[in-house]
Amino acid sequence: MTSSEGARSGDERPVLTNRQGHPVYDNQNQRTVGPRGPATLENYQFLEKMSHFDRERVPERVVHARGTTSFGFFETYGTWGDEPISAFTRAALLRETGGRTDVAVRFSTVIGGRDSSESARDPRGFAVKFYTEDGNWDLVGNNLAVFFIRDAIKFPDLIHAFKPDPVTFRQEAGRIFDFVSQMPESLHMIVNLFGPRGIPADYRHMQGFGVNTYRWVNERGETRLVKYHWMPRQGVRSMTAEDAARVQAHDLGHATRDLYEAITRGDFPEWELLVQVMSDDEHPELDFDPLDDTKVWPENDFPALPVGRLVLNRTVSDNFAENEQISFGTGVLVDGLDFSEDKMLVGRTFSYSDTQRYRVGPNYLQLPVNQARNAKVRTNQRDAPMAYHVDRAGENPHVNYEPSITGGLREAASSMPGEYGPVISGRLTRSRIPRTNDYKQPGQRYRLMEEWERDDLVENLTTALSECVRPVAERMVWHLLLIEDDLGLRVGEGVGITPGDVGRLDPLPGQNLTEEDRLRLANLG
Ligand code: HEM
């Protein structure tokens with residue numbers, strides 16, 4: 001077809017142009033010397049088209065590459081329990097009963113690449129961006145309440161062990177459990193991940209958890225420790241390995257499709273946000289550290305009370321602009337919602353914006369999906385690749401610094417001068433927290449499971465450990481026996497390892513065992 005054939009008379013469609021606004025007269029043929037070539041180098045339209053295509057991909061996320069984004073709103077109840085929420089936090093978005101805030105939510109898997117299967121056994125990401133009038137707040141959570149590690153310095157090791165082998169490029173149970181068997185803090189997560197909750201049925205039927213411990217601050221400067229939980233109104237549904245294999249056989253993106261179709265037909269999914277609150281201290285009376293993200297806070301002592309609801313009612317209009325480039329981070333907090341000293345949070349807070357400056361570019365916060373669209377943004381930051389507007393300073397465009405007596409921006413007046421939160425002192429050190437208690441909560445979780453869930457966990461662990469070398473499988477059975485006899489005996493039987501076989505193993509170097517752990521260990525030998 002030639003260009004003249006393409007331009008039919010009476011065709012009202014808009015004309016194709018290049019990025020310079022030049023009309024494209026022929027989108028079928030390059031410019032060549034004669035019909036059979038060769039091509040010429042001054043072929044601007046062809047070179048622009050091809051070189052832009054060559055650069056279409058940004059690096060995929062180093063974790064959580066496969067995901068989907070939707071939009072909607074968060075509505076606050078204005079209370080926590082019987083009290084106004086302002087007694088606990090001065091965060092404006094939570095204060096007015098019925099007040100609504102725009103949100104973007106990205107659900108994801110963790111390990112697989114951008115086009116990988118959504119029915120993998122893998123944690124699911126549950127990241128929420130609140131576009132509040134005080135600026136953005138990101139709550140970057142997962143579908144499981146705890147995490148594998150408690151110190152951010154182990155994150156690259158954890159992810160390397162779970163990602164494909166650097167030589168064979170296959171995810172290998174042998175590598176995963178080689179790492180896990182040396183990291184007993186990961187066992188609570190493993191008991192969750194290898195049970196049915198490790199494969200959520202889809203994104204609409206899963207919970208979300210902030211996992212890390214955050215801090216709330218009220219008008220009086222009083223602080224409390226908090227944990228966030230999302231509960232789906234649709235209920236929680238999970239898949240067994242066989243269910244997942246059936247889904248995966250014909251659809252790698254069933255969870256994205258399910259969410260997209262539900263929103264498109266007006267069946268808007270909804271979650272309730274619940275918060276656990278703890279006084280802001282070390283809680284020596286507890287047998288775990290409140291800043292340890294491998295632990296849950298017992299709900300009998302620390303009730304999870306509702307503070308609002310989240311509704312998703314719009315799908316992305318463009319996957320790349322709104323899902324690939326959306327950028328969340330744990331440092332994105334508004335007044336009244338703060339960090340804690342949780343050793344994971346500080347590492348996460350560095351890592352997110354660091355990777356986004358690389359993945360999307362240093363001006364990633366100028367992109368529409370990432371902008372603090374309901375707040376006023378005025379900075380003295382300028383330039384850098386792909387700057388497409390200037391954060392307007394004051395009236396005087398010459399002043400992009402502070403302080404100045406000729407214009408420019410001033411500091412905000414703080415509603416509460418002075419600092420808040422606990423006074424912390426200690427020697428600079430590299431050491432693990434004292435209350436590790438790695439076996440008790442996995443045991444409680446196992447005992448709380450329904451029988452079919454326990455069966456599923458045993459079967460999945462047995463399958464995985466069968467693929468491991470004997471010393472790794474032995475150490476894992478040793479851990480499982482310390483968690484709960486029934487779990488260790490059943491998995492041990494599945495892989496041909498008895499308590500007698502592992503009774504001779506010493507605790508891992510530096511391992512903190514509780515009195516109860518020691519008793520169990522003595523019984524093994
Ligand atoms: C994504 C680092 C722990 C939830 C990411 C990304 C990085 C990262 C680099 C990619 C971000 C991007 O490219 O935009 C870390 C580090 C951790 C950690 C260093 C530990 C020290 C966790 C934990 C959770 C979590 C404990 C759950 C509570 C997520 C989610 C995403 C993500 C949901 C995807 C965000 C999105 O959809 O764009 N993490 N992470 N991460 N992480 Fe973490």
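Selection of the stretch 236-277 for residues being aliphatic (A, V, I, L, M) and in contact with a His (Cβ under 7 Å, 6 or more places away or on another chain) yields Val236, Val247, Leu274. Any chance the stretch 303-315 includes a residue that's away from the ligand (no atom under 16 Å from the Cβ), in contact (Cβ under 8 Å) with a residue 40 or more places away in the chain, more than 17 Å from Phe126 (Cβ to Cβ) and not in a strand (DSSP E or B)? Looking through the stretch 303-315, at least one residue is away from the ligand (no atom under 16 Å from the Cβ), in contact (Cβ under 8 Å) with a residue 40 or more places away in the chain, more than 17 Å from Phe126 (Cβ to Cβ) and not in a strand (DSSP E or B). Meeting the requirement of 1 or more residues that are closer than 28 Å to Met239 by Cα, the helices (runs of 4 or more DSSP H) wholly within the stretch 414-520 are 440-448, 451-466, 470-483, 485-495. Among the residues of the stretch 295-308, just one is surrounded by 18 or more Cβ atoms within 10 Å (Cβ to Cβ) and of a type in the set (D, E, K, R), namely Lys295. Scanning the stretch 511-525 for residues that are under 16 Å from Pro499 (Cβ atoms) and surrounded by fewer than 16 Cβ atoms within 10 Å (Cβ to Cβ) yields a total of 5.
Could you please let me know if Ser108 is surrounded by 20 or more Cβ atoms within 10 Å (Cβ to Cβ) and closer than 19 Å to Asn319 by Cα? In short, yes. Elements of the type helices (runs of 4 or more DSSP H) sitting completely within the stretch 149-253 and holding at least 3 residues that are at pLDDT 95 or above and either within 14 Å of the ligand (Cβ to nearest atom) or in contact with a Leu (Cβ under 7 Å, 6 or more places away or on another chain) (or both): these cover 155-162, 187-193.
Residue by residue, here is whether (1) touching a Ser or Thr at 6+ places or on another chain (Cβ under 9 Å); (2) without any contact (Cβ under 8 Å) to a residue 60 or more places away in the chain holds:
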| residue | (1), (2) |
| --- | --- |
| Tyr25 | yes, yes |
| Pro38 | yes, yes |
| Leu47 | no, yes |
| His52 | no, yes |
| Asp82 | no, yes |
| Ile85 | yes, no |
| Ala92 | yes, no |
| Arg95 | yes, yes |
| Glu118 | yes, no |
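The values are calculated or read from the model by the stated rules, or taken from the named source; none is laboratory data. Predicted model, so just to flag it, every value in this text is computed and none were measured. We place every Cβ from the backbone using ideal geometry, glycine too, and count neighbours over all the protein chains shown.
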